[in-house]
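Trainee: Below is the structure I would like to discuss, written out as structure tokens.
The values are calculated or read from the model by the stated rules, or taken from the named source; none is laboratory data. Bear in mind that the values here come from a model prediction, so they are computed numbers and not experimental data. Here the Cβ is made from the backbone with ideal geometry for all residues, glycine too, and neighbour counts use every protein chain on show.
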Amino acid sequence: MKKGNIVEIKIDKIIFGGEGLGYYGDLAIFVPMSVPGDVLEVEIISLKKTYGRALIKKIITPGIDRAAGDKISFEEHHGCDFAMLKYNEQLKYKKLMVEDVLSRVGKVDLDKVEISDTVGAENQFNYRNKVIEPFARKNGKIISGFFKKRSHEVFEVEENILQSQLSNEIISRIKELLNEAKLSVYNEKAHKGILRHIMVRTTSFNEAMVVLIIKGKVDSKIEEVLNTLYNENDKIKSVYVSINNKRTNFALGEQNIHLLGEKYIKEELYGIEFNISPTSFFQINIEQTKKLYEKAISYFDDIKNKNIVDAYSGTGTIAMILSKDANKVYAIEIVESATRAALKTSAENKIENIEFINGKAEEKLIELIETGNQIDSIIFDPPRKGIAQNILEKLSETKIKEVVYISCNPSTFARDTQILEGLGYKLTKVCPLDMFPNTSHIEVVGKFLKKG
Ligand SMILES: C[S@@+](CC[C@H](N)C(=O)[O-])C[C@H]1O[C@@H](n2cnc3c(N)ncnc32)[C@H](O)[C@@H]1O
């Protein structure tokens, strides 16, 4: 077998990460955009001793879970790596992936945990309220889009089918204006050029924040483009320029300059209007966020009169919802602007029983525990890398009975589950939830109880 060979294989299953797995003799072959039961003609694109990766050349017989159509590549599926599956089957495979990673990585006995079916979404398209697209130049024209898989080559899609219609409208207009202004595009290798990324955040009120991410400084051409964009579209409520002069893959820069309109845009959840800044985390899919928060809060036995910590709290969404019934909530968040936005929201909504703590959870939560504050329960919602190990170890020294854990990365969730189980907590319930339809990403909520 050599790179470039074309072979026929049958796909057996989907593995964690979303790729299909089939065998050619003893050789395991991973095939993106494939479905169990597919018989495919594939081209080997990389090869190791025991496994290889291949791309679909032709679908010979489609698996029964394959969505209608003959699209074969990531690009043809508008950059959605799960769009080749029918929607109900996406949910089924997401649950299987969670079970797989929990038993393989977390060493969880699946018979002893209640694992719900994946909570699906009514809207499988246009659900994203935040998009960041890199700029590139193609045939002399400024384009934006996605990076091709495992590459830094940008491909443009006519319409991004996952993001809101409003952000599609804004991004296509800003590209026209940038092309007219003849601005240069940032080149990673040379570390030269101006335009790096465009970020648009939208809300369920159909309002938008636009952040143009550039290298260099705001000059009159950029100001003119953004002024025109803002004045033409009254749904744009806030405009920033983010200056990123670093050689980095991270999009937003070190300085976010507020240029036009409001400093924050607002999103409503449970009657509370949240303030969102360019840098503050806010859940991407608002319809599913409501289900996520409801599920997570339902995992607490009873929150009345309890003192609860919301660790990794972002703009304070969960803390504010909990504060309606809890005695006191501590909200710990590392990003200063997110904590500031949360303070503004709580003041505007006259919420007085939350203590907002800006800093690292691995320091501030430890301090909170060590200073003897009464804490009854904790909810964690960390970034993809999971919960800091020292926090998990500290938990085992406390009397905190109940822990709810929201995770956007089942593999670190599984790793932390194994640690927590070793430290005296038992995973009792897990619920996968589809925050990102048509992609292989999975959100999970878990409930842990102190053993004994
Ligand atoms: C997945 S988000 C959850 C935010 C919030 N719970 C929500 O639902 O909107 C994770 C948050 O953790 C914050 N964060 C990342 N590392 C942190 C750390 N070491 N300590 C505290 N917060 C951190 C991020 O800034 C982000 O706001």
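Trainee: Between 131, 154, which is under 24 Å from residue 230 (Cα atoms), crowded, with 17+ Cβ neighbours inside 10 Å and in contact with a Lys or Arg (Cβ under 9 Å, 6 or more places away or on another chain)?
Mentor: 131
Trainee: Looking at the range 370-426, which of the residues that are of a type in the set (A, V, I, L, M) and over 25 Å from the mean Cα position of the chain (by Cα) is surrounded by the most Cβ atoms within 10 Å (Cβ to Cβ)?
Mentor: Applying the filter and picking the extreme gives 395.
Trainee: Can you say whether residue 83 is closer than 14 Å to residue 434 by Cα, touching a His at 6+ places or on another chain (Cβ under 7 Å) and not in a helix (DSSP H, G or I), as far as the supplied structure shows?
Mentor: Answer is yes for this residue.
Trainee: Please count how many residues of the range 169-187 are part of a helix (DSSP H, G or I) and touching a strand residue (DSSP E or B) at 6+ places or on another chain (Cβ under 8 Å).
Mentor: The number of residues fulfilling the criteria is 6.
Trainee: Determine, yes or no, whether residue 240 is hydroxyl-bearing (Ser, Thr, Tyr), within 26 Å of residue 128 (Cα to Cα), in a helix (DSSP H, G or I) and at pLDDT 95 or above.
Mentor: When the stated conditions are applied, residue 240 does not pass them.
Trainee: For the range 427-452, enumerate the residues that are under 16 Å from the mean Cα position of the chain (by Cα) and not hydroxyl-bearing (Ser, Thr, Tyr).
Mentor: Listed by number, the residues that qualify are 432, 433, 434, 435, 436, 437, 438, 441, 442, 443, 444, 445.
Trainee: Kindly indicate whether residue 225 is at pLDDT 95 or above, of a type in the set (A, V, I, L, M), part of a strand (DSSP E or B) and in contact with a Leu (Cβ under 6 Å, 6 or more places away or on another chain).
Mentor: So residue 225 fails the test.
Trainee: Go through the range 101-127 and count every residue that is part of a helix (DSSP H, G or I) and surrounded by fewer than 18 Cβ atoms within 10 Å (Cβ to Cβ).
Mentor: Qualifying residue count for the region: 5.
Trainee: Among the residues of the range 342-359, what is the count of those that are surrounded by 15 or more Cβ atoms within 10 Å (Cβ to Cβ) and within 11 Å of the ligand (Cβ to nearest atom)?
Mentor: 3
Trainee: Take residue 292 and decide whether it is within 10 Å of the ligand (Cβ to nearest atom), within 24 Å of residue 127 (Cβ to Cβ) and touching a Leu at 6+ places or on another chain (Cβ under 6 Å).
Mentor: It is true that residue 292 is within 10 Å of the ligand (Cβ to nearest atom), within 24 Å of residue 127 (Cβ to Cβ) and touching a Leu at 6+ places or on another chain (Cβ under 6 Å).
Trainee: Continuing with this model, one more query. Has the range 45-62 got at least one residue that is outside the structural domain of residue 442 (by TED's automatic domain parsing), within 28 Å of residue 408 (Cβ to Cβ), buried (at least 17 other Cβ atoms within 10 Å of the Cβ) and touching a residue at least 60 places away in the same chain (Cβ under 8 Å)?
Mentor: The answer is no; no qualifying residue exists.
Trainee: Would you check if there is a residue in the range 207-225 being in contact with a helix residue (DSSP H, G or I) (Cβ under 7 Å, 6 or more places away or on another chain) and closer than 25 Å to residue 272 by Cβ?
Mentor: Within the range 207-225 (the criterion being in contact with a helix residue (DSSP H, G or I) (Cβ under 7 Å, 6 or more places away or on another chain) and closer than 25 Å to residue 272 by Cβ), the answer is yes, since at least one residue qualifies.
Trainee: For the range 16-43, what are the residues that are of a type in the set (A, V, I, L, M, F, W, C), over 15 Å from residue 63 (Cβ atoms) and either free of Cβ contacts under 8 Å to residues at least 24 places away in the same chain or part of a loop (DSSP other than H, G, I, E, B) (or both)?
Mentor: Answer for the range 16-43, where residues must be of a type in the set (A, V, I, L, M, F, W, C), over 15 Å from residue 63 (Cβ atoms) and either free of Cβ contacts under 8 Å to residues at least 24 places away in the same chain or part of a loop (DSSP other than H, G, I, E, B) (or both): just 16.
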